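Read-outs throughout are calculated quantities, based only on the coordinates presented, and are distinct from any laboratory measurement. This one's a predicted model, so the numbers in the text were calculated from it and none came from an experiment. Don't worry about glycine lacking a Cβ; one is built from the backbone with ideal geometry, like all the others, and counts go over all protein chains shown.
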Amino acid sequence: MFYFQHINQYAPAMKKLFILSLCFLTFSAIAQKVDSPMYTFSEGIEYKLVAFNNSKTAGEGNVTYIAKKGTAYKAGWFEFTNTTKEDIEVNFENIFIQDSKGNKYFANAVAQAMKMTIGKHLSYKLKAGKTKTYMVEFRPPFPKDEFPTLVVNDKVIELPEPTK
């Protein structure tokens with residue numbers, strides 16, 4: 001009896017660990033490294049795209065989504081730097097990817113360290129003078145044979161072709 005009482009106190013941490021490991025398993029497909037220059041996200045915040053991942057599946061809670069033939073879920077790895085002396089909120093709802101037909105794909109989930117946010121209110125506080133890497137998953141599935149165009153704060157950014 002004593003043993004089971006102590007297990008319950010670790011349940012929330014184990015749930016987070018399970019979700020994070022599921023996230024990494026779903027993005028364990030092809031990684032495309034991108035040599036992106038630094039761009040301005042907002043006043044005092046700079047960012048660059050480090051890599052894109054393609055994955056046939058994406059998970060959300062107890063549900064696993066499978067992309068249709070010819071499509072894949074995209075996840076971008078972004079490195080953000082706060083150049084100010086104040087903590088600043090980074091809102092990932094302002095980041096989209098776009099295909100060659102102009103269709104926009106929205107950020108559905110954001111992960112950094114052991115914290116993952118899914119759905120709405122995708123924002124994280126970036127401490128003064130710090131640099132952090134965030135994984136941003138986009139939905140719906142993206143055409144597999146295309147490399148996306150990045151749209152940040154309504155500004156279209158043509159990315160350099162990925163290196164393998």
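Worth pointing out:
- Rounded to 0.05, the FRET efficiency of the V156 and S123 pair, given R0 = 22 Å and the Cβ-Cβ distance, is 0.50.
- Put a dot 7 Å past the Cα of K115, heading toward its Cβ, do the same for R139, and the two dots end up 2.2 nm apart.
- With the simple model of a label 7 Å out from the Cα in the direction of the Cβ, S42 to T131 spans 2.2 nm.
- Of K56/K120; K69/K104; K56/K155; K33/K115; K68/K144, those spanning more than 21 Å from alpha-carbon to alpha-carbon: K56/K120; K56/K155; K33/K115
- Maximal additional length on extending the D87-K33 stretch stands at 16.6 nm, based on 0.36 nm per residue less the C-alpha distance.
- Highest average packing first - 91-97, 115-121, Cβ atoms within 10 Å: 91-97, 115-121
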